[in-house]
1. Using a Förster radius of 51 Å, what is the FRET efficiency between B:Asp333 and A:Gln5 based on their Cβ-Cβ separation? Nearest 0.05, please.
2. If you stretched the chain out fully between B:Ala19 and B:Glu60, how much longer would it get, using 0.36 nm times the residue separation minus the C-alpha to C-alpha distance?
3. Do you know which residues of the range A:46-83 lose at least 30 square angstrom of accessible area in the protein assembly compared with their chain on its own, with a 1.4 angstrom probe?
4. Can you tell me the 0 to 90 degree angle between the C-alpha axis of helix B:163-177 and the longest principal axis of chain B, rounded to 10?
5. Enter the angle in degrees (range 0 to 90, nearest 10) between the Cα long axis of helix B:268-281 and the first principal axis of the Cα atoms of chain B, meaning the one along which they spread out most.
6. Once ligands and nucleic acids are excluded and a 1.4 Å probe is used, how much of B:Lys179 is accessible, expressed in Å² to the nearest 10?
7. Report the Cα centroid-to-centroid distance between the range B:1-72 and the range A:67-128 in angstrom, as an integer.
8. Quick one: divide the alpha-carbon radius of gyration of chain A by 2.2 N^0.38 Å and tell me what you get.
Amino acid sequence: MKSKQESLITRVNAPARIDNKINAIKCNNCGNIRYPQRTYCNRCQGTDFSPILFEPKGEVITFSSTYKRKATDEQRIFGSARLYTEDGKASIAISGTFDVKGIDDLKIGDKVELVPNDKFNIFKKIEE
Amino acid sequence: MRNVAVVGAGMSPFGRLDALMYQEIGRPAVNDAIENAGIDRKMIESCYYGTCGGVGVGHEIMSEAGITGIPITRVVNACSSGSNAFRLAFMDIASGMSDCVMAMGIEKMKNVSMGVVGGGTRFQIEAKAYSYGSPMPSGGGGGMPAGFAFMGRMHMKQYGSTKEDFANIVVKSRRNGSKNPKAEFQNPMTLDEVLDDVMINDPLTRSQCCPRTDGAAAVVLMSEDFVKKHHIDTPIWVKGSAMGSNMAGGNDRRYYEDTGKWYGPGIVTDYLTTQKVYKMAKVEPKDFYDRGFVECHDCFSVSELVHYEDFGFCKKGEGPDMINDGVVEIDGDLPINPSGGLLSVGHPLGATGTRQVAEIYWQMTKDKEVAKRQVPDKHLDLGLQHTLGQPGMGFTNVMHVFSRDL
């Protein structure tokens, strides 16, 4: 029998990615997409979901540089990329860092791909 | 609903006030507001005070100001705490519960951890990092400047705005702030100085981000009956009050469902709340060009620019024209932030909303407080006040319209 605390936990113990694809869920009642996965839909409060995977390739939505406390600090470029389902019908915005040298090496709309990683979202540019 | 007026305002200097206790900052603001209103402090029947970090300080401040035994309510809503407190004070009187109410805001931020005044829970950080499953970005897991830096970059891409456009907002702000003896920053800055400043989150340099500031501001509100009974000469009437919120990232699912598209770059709750407050006050954006001015939430240079568009003062993408053509200067067609705004006056989270109301009151009554930055008379018929808070996962904003006429 679940404890009082356990019965209120809404986090789902699911892998963040499957085959490097974003492992989200889609509400079977209203179609809302939830990521990270939870036990309820935050739109209709439904609890019936189907899995939905987003491909690791997408494009840059926006980005910026991190704050440098010291001139010697390494600066990172971070922001959001839009990823799509295989059929292209649904998309999701995922935040992460971009594996580029500097702010001038990235543009909105650049094609990027999620690097396989268990902990962090790191995007590499896809050179065309 | 009864008519409500602002009848007095007071404000402490804003800046680094390390040596002062909350009571030493807040009590003078309260006393100045009471003196400015010309009333007996015993007339105040309740108080709402906005503060994120100052637990219980409103009670202490009012007690030290000789006002006890009244309902005192702390309001916490991030950067909208002070204006939320004002809105509750307005509703207290409008509903008929009280006739004379004080709205106050106070914050000490210079030597207080941001974790006290506005940290992030795991859920909030997660929601910001993953945009709640929507296809539009949120704060990216970064801090406050990052979210607006992201918005600025999208604006540059979509509409061709430039880093110089955003930096010119600061040049204007500092010019106005130099005429405000209570502002934290009173030194003008050139465009090059703003652009060459320390980079925070590209394209936002340090001077394009409002400072964490100590300060307090208080205003007195009264019912129409009380105004007449006590012969108040210069009431400024609250014609509209509205509040809204949206999910992380400046977007909202409900807007998407209603229109079929995500809002942006911009802040959807600003757009939607503006419609509500305009409707209540029976005004349109063009009325502010004819006879009004604005105090809005310029937490970052990008935010002020998108406010021009979200409030309907120009089309999406035309915000740069408003700053570059001088439209929003004190002597322009639509004065915006004559006080210097958050970028120059500073941003003590709980006090900013009441500080903006104080500025509007002083401008409309031509108080000596604003002598050096007085908005021309033709623009004093209407005032728009706006704050935008981020209490966790989304935005919450509060807006009011004021008028000299009942």
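The values are calculated or read from the model by the stated rules, or taken from the named source; none is laboratory data. Please read these numbers as outputs of a predicted model, since none were measured by experiment. Cβ: placed from backbone, ideal geometry, glycine included. Neighbour counts: every protein chain shown. The protein model used for the area step is the full one, side chains on, heavy atoms only, and it has no ligands, DNA or RNA in it. Shrake-Rupley method; radii C 1.70, N 1.55, O 1.52, S 1.80 Å.
1. Numbers: r = 59 Å, r/R0 = 1.16.
Calculated transfer efficiency: 0.30.
2. Values: separation 41, 0.36 × 41 = 14.76 nm, distance 1.77 nm.
Going from the current span to full extension adds 13.0 nm.
3. A:Ile61, A:Thr62, A:Phe63, A:Ser64, A:Ser65, A:Tyr67, A:Phe78, A:Arg82
4. For B:163-177 against chain B, the angle is about 20 degrees.
5. 40
6. Around 70 Å² of this residue is reachable by solvent.
7. Centre-to-centre distance over Cα atoms comes out at 48 Å.
8. So the Cα radius of gyration is 1.25 times the expected 2.2 N^0.38 Å.
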